[in-house]
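The values are calculated or read from the model by the stated rules, or taken from the named source; none is laboratory data. What you see is a predicted model, and the numbers here were worked out from it, not measured in a lab. Cβ coordinates were reconstructed from backbone atoms using ideal geometry, including for glycine residues, and neighbour counts include every protein chain displayed.
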Amino acid sequence: MIRALQIACASCLGFCLVGCDGREEREPMWEQVKIGDIAPSGDDKRSMAQMLKTIHFGVRIFEIPAENVGALDKLWLELEMRPLRFSSHSAFRANSFSIGAGQMRLWDRAHELLYAAGGQQVVAVSLLLSDSEDNDLIVRGLGTTQRVFYTAVNGAKEVTTVGPGVIALRLQAEKAPGSRDMCTLIGYPVFSVPAGGSIPQLAERAKSREFSFTSAAFALKMAPGDFVALGPDKYISDQTALGGLFFSKPEGSLFFSASEGKPPESKPAVSIFLLICTRINY
């Protein structure tokens, strides 16, 4: 299933995030901002005090029947696009990714809408992120080599070969400059090869095989109580498409019927990720 990896070595995401209209009729265009200005630095020789500076997140992962994916439109309408920035919003959407941000007052409402769509919570974990460090949330394992088709930042249709390894959601966080109670969260899909042990050569070899899907990256500033929801805009059964590989489960999951006496039924499913900032220690 899905589980949290150990915090990996730090890596900066060196590309520009620009805003977009999102819901084009009601959201303003954001000015460009460089990820390098907000991403963690790469200093490995940190003091103990620095290591104690952490940002805490809660992660909830839901699955809903693929046949109900249209019900997610209600969730996206409740949430906001204005806090979010992207490497390319058009590429983000072309990869069939949807996202929205909310505050604590909408946390219960988001759960209510997911349960109304026939959803079930399958994962609830806590993540502790430090400046200059990544955390990979495993989405699925890849037992063999396969191709993945995706839309690049420039809108071109691209393909890459990955595997064996894992597809994960890579998260980076740091305190927002000039504020004690705000952080910046960056997330993007990544293929990686988990490197067990502490042998530097093996770690470097695993790192060299990584592939980051930065065209589906997002970033936003958050305070404790703020959250972000990430999910698909449609169901894609094709596991060679980035959106299908990341969100879809065509092999199915067991869902319990609301009708009494009816046994659970296996149905194709999609995953939705909720990430809430719970505490900032600085």
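I need the full set of residues from the stretch 159-182 which are acidic (D, E) and assigned to a strand (DSSP E or B), in order please.
E174 - this is the single residue of the stretch 159-182 that is acidic (D, E) and assigned to a strand (DSSP E or B).
With the requirement that a residue be crowded, with 20+ Cβ neighbours inside 10 Å, at pLDDT 95 or above and among the small types (G, A, S), what does the stretch 119-149 give you?
Hit for the stretch 119-149 is G119, nothing else.
If I go through the stretch 151-176 residue by residue, how many of them are farther than 23 Å from G244 by Cβ and either free of Cβ contacts under 8 Å to residues at least 40 places away in the same chain or acidic (D, E) (or both)?
Within the stretch 151-176, residues that are farther than 23 Å from G244 by Cβ and either free of Cβ contacts under 8 Å to residues at least 40 places away in the same chain or acidic (D, E) (or both) number 1.
Of (1) surrounded by fewer than 19 Cβ atoms within 10 Å (Cβ to Cβ); (2) modelled with pLDDT under 95; (3) not aromatic (F, W, Y), A156 satisfies all except one. Which?
The number of the failed condition is (2).
Confirm whether V228 is modelled with pLDDT of 95 or more and either in contact with a helix residue (DSSP H, G or I) (Cβ under 9 Å, 6 or more places away or on another chain) or crowded, with 18+ Cβ neighbours inside 10 Å (or both).
Yes; evaluated as a whole, the condition is true for this residue.
Would you please list the contacts, defined by Cβ atoms under 8 Å and residues six or more apart or on different chains, that run from a residue in the stretch 75-94 that is within 12 Å of F218 (Cα to Cα) to a residue that is β-branched (V, I, T) and surrounded by fewer than 18 Cβ atoms within 10 Å (Cβ to Cβ)?
Final answer for the pair search is R85/V18; R85/V33; F86/V18; S87/V18; S88/V18; H89/V18.
Which ones in the stretch 114-158 are closer than 22 Å to K207 by Cβ, part of a strand (DSSP E or B) and polar (S, T, N, Q)?
Residues satisfying the conditions are S130, N135, Q146.
Within the stretch 96-108, how many residues turn out to be touching an Asp or Glu at 6+ places or on another chain (Cβ under 9 Å) and closer than 17 Å to V69 by Cα?
4
Regarding L220, is this residue more than 17 Å from V139 (Cβ to Cβ), touching a residue at least 60 places away in the same chain (Cβ under 8 Å) and within 14 Å of the chain's Cα centre (by Cα)?
Values: more than 17 Å from V139 (Cβ to Cβ): yes; touching a residue at least 60 places away in the same chain (Cβ under 8 Å): yes; within 14 Å of the chain's Cα centre (by Cα): yes.
So L220 fits the description; yes.
Filter the stretch 183-212 down to the residues that are part of a loop (DSSP other than H, G, I, E, B) and not small (G, A, S), then identify the one that is modelled with the highest pLDDT.
The extreme case among them is E210.
Checking A219 against (1) in contact with a Lys or Arg (Cβ under 6 Å, 6 or more places away or on another chain); (2) under 27 Å from Q120 (Cα atoms); (3) modelled with pLDDT under 95, only one condition comes out false. Which one?
(3)
Does the stretch 213-227 hold any residues that are under 18 Å from M81 (Cβ atoms) and either part of a strand (DSSP E or B) or touching a Pro at 6+ places or on another chain (Cβ under 9 Å) (or both), and which are they?
Listed by number, the residues that qualify are A216, A217, F218, A219, L220, K221, M222, D226, F227.
I'd like to verify a number: residues in the stretch 45-98 that are surrounded by fewer than 17 Cβ atoms within 10 Å (Cβ to Cβ), at pLDDT 95 or above, touching a strand residue (DSSP E or B) at 6+ places or on another chain (Cβ under 9 Å) and more than 26 Å from G155 (Cα to Cα), how many?
Residues in the stretch 45-98 being surrounded by fewer than 17 Cβ atoms within 10 Å (Cβ to Cβ), at pLDDT 95 or above, touching a strand residue (DSSP E or B) at 6+ places or on another chain (Cβ under 9 Å) and more than 26 Å from G155 (Cα to Cα): 4 in total.
Restricting to the stretch 228-259, give me the number of residues that are assigned to a strand (DSSP E or B) and of a type outside the set (D, E).
Number of matching residues: 13.
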